[in-house]
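This report refers to the structure that appears directly beneath it.
Each value in this text was obtained by applying a stated rule to the coordinates, not by laboratory testing. Just so it is clear, the model here is predicted, and its values are computed rather than measured. Because the Cβ atoms are built from the backbone with ideal geometry, glycine has one as well, and the counts that use them run over all protein chains shown.
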């Protein structure tokens, strides 16, 4: 079982000729509206890869809340631990340029009322994998990490967006996933090298996956350090690729895959995600990732 604790948003996606600079207005042809949020994206990715998934988060009593849960429902994610609260549903404005680069502004809203207590201790045993990000309260995230560690669950933390957590919380995770920017921020915060190996050595037994976009993923665990190459694709939109990677990684670890095999599978799914426009809707199904992996072999 994969338990995702994190954000649930509705995304407004603008495909533009360029990402606006400060003070600049850029016109695009249309707007797409899709469910999003790092937590929800990762839950959908794990479920579409074949996982049994529970989502714990919060939405508001507003017109956006039901729409934000739409693809989670379609993917079969258990929503019993999603709260409906007196706050606006989280919303993101995503601008995407013709090369697939993006810039994102987020109004957190209900996500800030997500509480670790929504996940009961009975779920946090050795048969569970808990996936967390940094779009909900850092204090609640740290509290759930501690309880999951005590209960024996596997803990996968995506430090995205980069934000401070107590060092004991970072040391309590099994797998830490960062991109280059997040890894550099954390390395400066901890006073170590920004490589996956540097972060691993600083944090002790934590396995570190540092995603490098088209360059692949740098992995460091107690078993060694290696670079998992990325598949070569024509990227159209990278918006949800990182979340797709983390969700599939969490599911594959939950299924008992070794870290290397889980990273390879996550890399394939994320590469396929990059070839499609959108956020949560661009995350591939299990059969699609299977076929894509077979074609690339």
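A few comments on the model shown:
- MRE, 222 nm, helices only [DSSP H, n ≥ 4, -39500 (n - 2.57), over the chain, to nearest 500]: -10000 deg cm²/dmol
- Antiparallel content of DSSP bridges confined to the chain, in %, to 5: 40 percent
- Summary value for the chain: 19 percent relative contact order, contacts being C-alpha pairs under 8 angstrom separated by 6+ residues.
- Burial ranking of peptide ranges 175-187, 116-128 (average Cβ count within 10 Å, highest at the top): 175-187, 116-128
- P(r) of the range 20-85 over all Cα-Cα pairs, binned every 5 Å from zero, in whole percent: 3, 16, 24, 19, 11, 10, 9, 7, 2, 0
- Kirkwood-Stokes translational diffusion coefficient of the range 58-160, alpha-carbon pairs, 37 °C, 0.692 mPa s, µm²/s: 216 µm²/s
- Most tightly packed first, judged by the mean number of other beta-carbon atoms within 10 Å of their residues, the peptides 255-263, 158-166 read 158-166, 255-263.
- The mean sequence separation of alpha-carbon pairs under 8 Å and at least six residues apart, normalised by the residue count of the range 33-187, gives a relative contact order of 17 percent.
- The relative contact order of the range 22-94 comes to 35 percent, based on Cα pairs under 8 Å that sit 6 or more residues apart.
- Over 34 Å [Cα-Cα, the chain], rounded percent: 13 percent
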